[in-house]
1. Could you grab me the full set of residues in the stretch 77-92 that are loosely packed, with under 12 Cβ neighbours inside 10 Å and away from the ligand (no atom under 16 Å from the Cβ)?
2. Would you be able to tell me the number of residues in the stretch 201-232 that are modelled with pLDDT under 85, of a type in the set (Gly, Ala, Ser) and either away from the ligand (no atom under 16 Å from the Cβ) or assigned to a helix (DSSP H, G or I) (or both)?
3. When you check MET405 against the structure, is it more than 11 Å from the ligand (Cβ to nearest atom), buried (at least 18 other Cβ atoms within 10 Å of the Cβ) and farther than 17 Å from VAL315 by Cβ, yes or no?
4. Tell me, which strands (runs of 3 or more DSSP E) wholly within the stretch 323-386 include 3 or more residues that are surrounded by 16 or more Cβ atoms within 10 Å (Cβ to Cβ), at negative phi and within 16 Å of the ligand (Cβ to nearest atom)?
5. One residue is enough: does the stretch 157-169 have a residue meeting the conditions surrounded by 15 or more Cβ atoms within 10 Å (Cβ to Cβ) and of a type in the set (Val, Ile, Thr)?
6. What are the pairs with Cβ atoms under 6 angstrom where one residue, in the stretch 323-349, is closer than 18 Å to ALA413 by Cα and the other, located anywhere, is of a type in the set (Val, Ile, Thr) and within 16 Å of the ligand (Cβ to nearest atom)? Sequence gap at least six, or different chains.
7. Of all residues in the stretch 436-452 being out of contact with any strand residue (DSSP E or B) (no Cβ under 9 Å at 6 or more places or on another chain) and within 13 Å of the ligand (Cβ to nearest atom), which is nearest to ALA295 (Cα to Cα)?
8. For ALA358, only one of the following conditions fails: (1) in contact with a Lys or Arg (Cβ under 8 Å, 6 or more places away or on another chain); (2) free of Cβ contacts under 8 Å to residues at least 24 places away in the same chain. What is its number?
Amino acid sequence: MNELVSSQYVIEAIYLIASALFILSLKWMSSPTTARHGVWAGELGMLLAVAGTLLHHGIVDYTWVIVGLVLGTGIGIPLGFVQMTAVPQRTALSHAFGALCVTLVGTAEYYLQTPNVPRFTMAVLSAEVILGGLTFTGSLMAAGKLQEILPQRPITYKGQNVVNLGILGLAVGLAVYLVLHPGATHLFPLMVGIAVLFGVLLIIPIGGADMPTVISLLNSYAGLSAAAMGFVLNNKLLIIAGALDGSSGLILSVIMSKAMNRSFTNVLFGGFGQDQTIAGKQEAKPVRTATAEEAAAILSAANKVVIVPGYGMAVAQAQHKVRELYDSLTKRGVDVRFAIHPVAGRMPGHMNVLLAEADIPYDRLMDMEDINSDFPQTDVALVIGANDVTNPAARNDTASPIYGMPILDVDKARTVMVIKRGMSPGFAGIDNPLYYLDHTLMLFGDAKGFVGNIVRELTGGGH
Ligand code: NAP
């Protein structure tokens, strides 16, 4: 008995340390200078959480635990090696796995406790399996859309929102009935089934364009369902970790929606992304172009340069060449900084991760709100594979689909140079008036190749 009590103390102490590490992890991850510590704290916290759970006296046989660990590790390791650009769908898959696990645990717990399930437990259990069920299929759908296994286009029909809300209402109605009559075992699978169906229906009307925001929202649901599971299993660590996950996912969705000037309801019910083909129809307008040699001359004559990276830099994996460009310009006494838009690229923090990988000093990375007032004093704004996040139509064209989205005011710089392969639009599928301005020079080419050519010119190897 004494041994049992003392091992319980050990487990609680381990859980307490793990909880503190999770909180520190989130705190540290909010700044690039401490982000690496944040990752380590999170990993250590998770290791302690798993180790603490394995010490539980309730475990009489480790066979299935080991099978689960081997299976999970076997799936997890290859998932860790996906390309950076595939991280949003990889994240969606991990949410799907987590949510499936929560739903299965909730279901097992219900059948273990029925018919004597206390009302509070039944209410939390229902929330757990409804959120878990819809997050499972919703996340799978989101991953499928991002990987382009499923059509990206939103599929909408009249009365869709009413149908969807009605289905969700039915699941909640069943939950209420089960709280009052927990012995109605035949209704439990029905409730779970409806939640699973709702997850599919929830994602169908949302375009591929909004998937990263939706994934972050599903992250929040997965966290809340895990917190509910913590109440059911009386596990404080799960409650804390789930609540942290739930709230951080929600905060991230809000930040992303704000950065795209979209409201939550607009993301969830808007059917955005239907017009993505319109850009192909615009007629060709003249633009001014320049060579790598000319670009190198303009850059080396500048005092202040701001580099604006975007999705194209990520696809081309040009970050190391960009680092070389930064080095050679800095050596010539040019002040070079980087302007980071919150939704540049395809996932939050995408540009920060790539530039950190190339060892660009953190104090050179500027957030949008800090750098925007500096563009009028900037000699050259060098846009590398960014498009939508620099589109002035968001500021001054009320008819534009991205009107109101906060952008980097690169058009206010004395000279703008844009590296991209052609005149193709970006993620929003719309034309960018920036390219036709008198002080804009288009540098057509692959980001990695073109930046490499500029570096060669600057370092004297061009001839
Ligand atoms: P973007 O608007 O998608 O534009 C990227 C540009 O890169 C394209 O116009 C493309 O033009 C160019 N490009 C592609 N491959 C290239 C290569 N190898 N070399 C050079 N250029 C290349 O990108 P962004 O300005 O970073 O904006 C991000 C967009 O994603 C925003 O609309 C944002 O709302 C959306 N979004 C972001 C997130 C997030 O979390 N970051 C989430 C959801 C949605 P060419 O084909 O002509 O080369």
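1. So in the stretch 77-92, the residues loosely packed, with under 12 Cβ neighbours inside 10 Å come out as 77-78, 80-81, 83.
Correct list: ILE77, PRO78, GLY80, PHE81.
2. 2
3. Numbers: more than 11 Å from the ligand (Cβ to nearest atom): no; buried (at least 18 other Cβ atoms within 10 Å of the Cβ): yes; farther than 17 Å from VAL315 by Cβ: yes.
Spelling it out, it is not the case that MET405 is more than 11 Å from the ligand (Cβ to nearest atom), buried (at least 18 other Cβ atoms within 10 Å of the Cβ) and farther than 17 Å from VAL315 by Cβ.
4. Details: elements: 335-340, 365-367, 380-384.
Once the strands (runs of 3 or more DSSP E) in the stretch 323-386 are filtered for at least 3 residues that are surrounded by 16 or more Cβ atoms within 10 Å (Cβ to Cβ), at negative phi and within 16 Å of the ligand (Cβ to nearest atom), what remains is 335-340, 380-384.
5. Taking the stretch 157-169 as the starting set, the residues that turn out to be surrounded by 15 or more Cβ atoms within 10 Å (Cβ to Cβ) are 160, 164, 167-168.
If we keep only those that are of a type in the set (Val, Ile, Thr) too, we end up with 167.
Looking through the stretch 157-169, at least one residue is surrounded by 15 or more Cβ atoms within 10 Å (Cβ to Cβ) and of a type in the set (Val, Ile, Thr).
6. That search, which allows pairs on different chains as well, returns ARG337/VAL306; PHE338/ILE307; ALA339/VAL306; ALA339/VAL308; ALA339/ILE371; HIS341/VAL389.
7. Only one residue fits best here, namely GLY452.
8. Evaluating ALA358 over (1) in contact with a Lys or Arg (Cβ under 8 Å, 6 or more places away or on another chain); (2) free of Cβ contacts under 8 Å to residues at least 24 places away in the same chain leaves (2) as the failure.
The values are calculated or read from the model by the stated rules, or taken from the named source; none is laboratory data. Being a predicted model, the structure only gives us computed values, none of them experimental. Please note: Cβ atoms are built from the backbone with ideal geometry, for glycine as well, and neighbour counts cover all protein chains shown.
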